[in-house]
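To keep things clear, I will list the structure first and then write my remarks on it.
Please treat every number below as a calculation from the coordinates, not as lab data. Computed from a predicted model, the values in this text were never measured in an experiment. Note that we place each Cβ from the backbone using ideal geometry, even for glycine, and neighbour counts take in every protein chain shown.
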Amino acid sequence: MKNKVKISILILSLLPLLAWAEDGSRLWLRFSDKPQQSKEIITTHRSPTMDIAEKELASHWNGKPVELRLDKKLKRLKDGYIIQSDKDKICLSAGKDAGLLYAAYHLLRLQQTGVDTENLYIEEIPSYDVRILNHWDNLNGSIERGYAGRSLWKWEELPGKLSPRYQEYARANASVGINATVLNNVNASPQILTGEYLHKVKALADIFRPYGIKVYLSANFSSPKVLDGLPDSDPMNKEVRAWWKNKVKEIYRLIPDFGGFLVKANSEGQPGPQDYGRTHADGANMLADALKPYGGIVMWRAFVYSPTKDDRAKQACLEFMPLDGQFRDNVIIQIKNGPVDFQPREPFNPLFGSLKKTAEMVEFQITQEYLGFSNHLVFLAPLFKEVLDSDTYSDGSGSTVAKITDGTLRPAKVTAISGVVNTGDDVNWCGHHFAQSNWYTFGRLAWNHQLTSEQIADEWIKMTFTPDEAFVKPVKEMMLTSREACVDYMMPLGLHHIFSSNHHYGPGPWEEQLHIRRDWTSRYYHNADAEGLGFDRTKTGSNAVAQYFPPLDDTYGNIVTCPDNLILWFHHVPWKYKMKNGRTMWDELCYRYDAGVKQVREYQKIWDSMQPYVDEQRFQEVQAKLRLHARDAVWWKDGCLLYFQTYSNLPIPYDIERSAYSLEEIKKVRPDIRIYK
Ligand code: BDP
């Protein structure tokens with residue numbers, strides 16, 4: 001008895017400390033734990049999803065009574081909802097239970113961000129039907145391009161043991177409207193389709209279902225051959241087609257709401273229909289036919305990256321345009337935002353809009369493989385927005401990537417958007433506290449692509465840290481400028497893929513002949529020589545500009561009209577070429593690199609002055625990350641400028657800080673980064 005009293009006194013005395021121990025595990029879902037006054041929640045019916053909505057409101061909502069009303073007539077809202085307040089209560093109505101859950105999270109977000117909830121009328125319809133995360137998680141627990149620990153999926157424990165994190169993951173996704181997830185890497189192990197693994201997948205699907213989340217899998221095209229010894233995996237082979245039909249049947253028996261397959265085929269050594277002289281359409285259609293009776297879809301990736309003599313940036317269009325109109329209506333072509341590979345800045349992928357009779361979706365990368373991993377503070381909303389708002393001109397002016405993919409300009413049976421997610425088993429989920437904002441952003445934009453970066457940052461900061469304007473304003477400024485800062489200190493003016501090729505983290509413009517394939521070296525992309533810098537993609541070069549609709553082909557193709565921020569993407573520019581601001585290209589390059597570094601230094605100062613508003617743990621963890629970030633920015637600037645200077649033979653402008661190391665010393669730097677194998 002005495003001991004018990006002692007223990008409870010100890011716990012009580014620790015409580016204030018515990019309340020301050022902030023490890024980021026709660027993400028943006030930091031609802032107040034205050035005792036609630038009014039929590040009358042009225043529901044029209046019961047279901048597992050309704051129970052969650054009701055529980056969330058009962059434990060966190062502080063205002064008037066709330067009624068959750070399922071109204072089958074509201075089907076036009078899809079997963080959306082209406083929130084309406086009157087004198088005595090707030091009514092949430094939707095055509096589906098999931099819509100009511102999203103409405104509940106919306107209401108809580110309003111409360112958390114300090115919005116007046118007295119006179120509400122909100123109607124929301126999501127921009128995309130399928131708002132899907134792509135996990136590049138391997139079955140051995142590692143994550144390809146993952147920087148936040150090991151996989152969340154503990155395959156060896158499933159299906160018997162269920163980590164509490166599965167539910168927390170589902171909740172976080174539902175709170176921002178994400179309704180789908182591909183559990184395994186696009187470089188897919190065939191094993192995922194074995195009976196043993198499908199039972200594990202089912203266990204996860206059962207946990208995610210009440211949160212409105214459907215499970216999808218990456219399928220390895222050779223599965224029939226590898227798993228069951230078929231002579232081949234040729235999509236025209238009847239036996240192979242029957243194999244997929246049976247496999248799909250087996251999956252739906254276990255997971256009746258299974259979403260479908262994501263496929264990387266004939267890219268970077270992955271098997272595919274071309275192995276048998278067939279086309280992407282033949283391969284995709286075979287899977288689509290198997291999924292069709294159950295309502296499943298195929299997301300077939302356009303990231304085809306195989307040895308070619310032509311410009312790598314042209315590959316997706318070259319391979320997919322001849323196939324337009326040949327795909328089943330339950331196939332969507334999943335296209336990376338840019339034509340090369342998730343670089344800090346790329347023009348939009350010219351395949352968007354070029355397919356007239358085939359559904360297209362965007363693939364973003366949330367995990368910052370090319371933007372400083374989980375060490376650099378880079379808020380991705382401006383990058384995602386830049387792509388979605390890009391005008392492709394495919395159907396005249398105003399044919400933005402958003403409108404091509406959301407069903408406005410191309411009728412699609414199902415519309416979708418995907419993001420390669422940055423989650424891992426780190427306590428704070430994403431490695432960097434601010435990287436959580438990118439997961440959040442993907443969900444919010446998938447729900448409503450018209451939100452601005454500023455709105456998203458504002459919400460996220462208030463929910464994750466504090467609504468105090470003294471904190472919100474400077475931190476928001478820091479987030480909103482951070483992507484451009486990253487472009488500046490890594491690869492400004494349209495430079496791309498000059499990373500050290502073995503880790504994609506630090507600079508490696510000097511990698512000239514390391515590999516057998518030219519397009520695996522930085523040199524292929526930057527082309528520095530005595531005359532200038534940049535990739536000539538005009539008529540005199542690879543003519544990739546011709547893949548863009550007029551007037552963009554001319555705008556990009558003409559050095560005078562090409563925007564400065566893409567000039568080295570499309571042109572080989574003389575070192576002394578006069579840029580729009582009157583500086584020479586060389587000077588502008590130097591000042592851009594320098595501006596990037598200065599910006600990150602500024603973030604360090606801003607963050608330090610935010611100490612009074614942040615709990616100690618998160619303050620220190622972000623501070624430590626910013627130190628790495630600043631160190632890396634300097635490494636990038638000095639490495640790239642000293643290297644390019646060996647070609648330009650021009651002085652670095654004298655007001656720019658000098659490098660403390662020689663180029664040879666910088667080349668030897670090995671970054672201190674965590675890569676999970
Ligand atoms: C590249 C990644 C590689 C992925 C590939 C893909 O480096 O790990 O497998 O993209 O998207 O950027 O398939």
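Provide the net charge surrounding ILE132, with neighbours chosen by a C-beta distance below 12 Å and charges set as Lys +1, Arg +1, Asp -1, Glu -1.
Spelling it out: positives minus negatives among the neighbours equals 0.
May I ask you to sort TYR591, TYR128 by Cβ crowding, counting other Cβ atoms within 10 Å and putting the fewest first?
Starting with the residue having the fewest Cβ neighbours, the order is TYR591, TYR128.
Taking Cα pairs under 8 Å and at least six residues apart, what relative contact order does region 34-193 come out at, in percent?
19
Find how much the distance from ARG627 to ILE606 grows on full extension, using 0.36 nm per residue of separation minus their present alpha carbon separation; answer in nm with one decimal. Before the final figure, lay out the partial values.
Details: separation 21, 0.36 × 21 = 7.56 nm, distance 1.27 nm.
Length gained between ARG627 and ILE606: 6.3 nm.
Distance from a point 7 Å along Cα→Cβ of GLU454 to each backbone N in region 472-492: keep the residues under 16 Å and list them by number.
So the set is 472-482.
I need the phi-derived Karplus couplings for region 339-347: 6.51 cos²θ - 1.76 cosθ + 1.60, θ = phi - 60°, integer Hz, Gly and Pro marked x.
Listing the rounded values in order: x, 9, 5, 6, 6, x, 9, 9, x Hz.
Take peptides 606-615, 441-450, 345-354, 472-481 and line them up by average Cβ neighbours within 10 Å, highest first, as a rough protection proxy.
Packing order, densest peptide first, comes out as 345-354, 441-450, 472-481, 606-615.
Students often get this wrong: which residues of region 281-324 have the backbone nitrogen under 14 Å from the point 7 angstrom along Cα-to-C-beta of GLU268?
301-307
Would you order CYS640, CYS317 from fewest to most other beta-carbon atoms within 10 Å of each residue's own beta-carbon?
Placing the least packed residue first, the sequence is CYS317, CYS640.
List every residue whose amide H lies under 5 Å from the amide H of SER218, counting only residues 5 or more places away in sequence or on a different chain, with H placed 1.01 Å from N in the peptide plane.
Long-range HN contacts for SER218: LEU183, ASN184, LEU262.
Counting DSSP beta bridges in region 23-124, what percent are antiparallel, to the nearest 5? Can you show the working numbers first?
Working: 9 of 17 bridges.
In region 23-124, approximately 55 percent of DSSP beta bridges are antiparallel ones.
Relative contact order of the chain: what whole-number percent is it, with Cα pairs under 8 angstrom and at least 6 residues apart?
Across the chain, relative contact order equals 12 percent.
Please give me, ordered by residue number, the trypsin sites (Lys or Arg not before Pro) of region 22-82 that lie in loop per DSSP and have at most 12 other Cβ atoms within 10 Å.
Those satisfying the criteria are ARG46.
Would you mind ranking ILE332, ILE567 so that the residue whose beta carbon has the fewest other beta carbons within 10 Å leads the list?
ILE567, ILE332
Quick one: length gained pulling LYS55 to MET579 fully straight, 0.36 nm per residue minus the C-alpha distance?
Separation in residues times 0.36 nm, less the Cα-Cα distance, equals 182.8 nm.
How many angstrom separate the Cα center of region 423-448 from the Cα center of region 261-323?
Value for the Cα centre distance between the two parts: 29 Å.
Could you check what % of the DSSP bridge pairs in the chain are antiparallel, to the nearest 5?
The antiparallel fraction comes to roughly 25 percent.
Please list the non-local residues whose amide H lies under 5 Å from the amide H of CYS91, H modeled 1.01 Å from N, same-chain partners needing a gap of 5 or more.
Counting only residues 5 or more places away or on other chains, the set is GLU67, GLN84, SER85, ASP86.
Give the residue list of GluC sites (Glu not before Pro) in region 152-201 that are DSSP loop and have at most 14 other beta-carbon atoms within 10 angstrom.
GLU156, GLU157
Could you list the trypsin sites (Lys or Arg not before Pro) in region 515-608 that lie in coil according to DSSP, counting only those with at most 14 other Cβ atoms within 10 Å of their Cβ? Before the final figure, lay out each step's value.
Working: sites: ARG517, ARG518, ARG523, ARG537, LYS539, LYS576, LYS578, LYS580, ARG583, ARG592, LYS598, ARG601, LYS605; in loops: ARG517, ARG537, LYS539, LYS576, LYS580, ARG583.
Qualifying residues, ordered by number: ARG517, LYS539, LYS576, LYS580.
Given Cα pairs under 8 Å that are at least 6 residues apart, what percent is the relative contact order of region 130-453?
Values: 636 pairs, mean separation 62.3, N = 324.
Taking the mean separation of contacting Cα pairs over the length of region 130-453, I get 19 percent.
In nm, to one decimal, how far is the ALA470 label point from the VAL669 one, both placed 7 Å along Cα→Cβ?
Once both label points are built, they end up 3.6 nm from each other.
Roughly what would the spin-label model give for LYS245 and ASP206, points 7 Å off Cα along C-beta, in nm?
For LYS245 paired with ASP206, the spin-label model returns 3.0 nm.
Quickly work out the TYR654-to-ASN119 label distance, labels modelled 7 Å from Cα along the C-beta direction, and quote it in nm with one decimal.
With each label placed 7 Å out from Cα toward Cβ, I get 6.4 nm.
Can you tell me how much longer the chain between ASP232 and LYS357 gets when fully stretched, taken as 0.36 nm per residue apart minus their C-alpha distance, in nm with one decimal?
The ASP232-LYS357 span can extend by a further 41.9 nm.
Could you give each residue of region 314-328 its phi-based ³J(HN,Hα) in whole Hz, using Karplus coefficients 6.51, -1.76, 1.60 with θ = phi - 60°, and x for Gly or Pro?
With coefficients 6.51, -1.76 and 1.60, one gets 8, 4, 4, 5, 4, 7, 9, 4, x, 9, 4, x, 9, 8, 4 Hz.
Per DSSP helix of 4 or more residues, -39500 (n - 2.57); summed, then divided by the residues of the chain. What does that give at 222 nm, rounded to the nearest 500?
-12000 deg cm²/dmol
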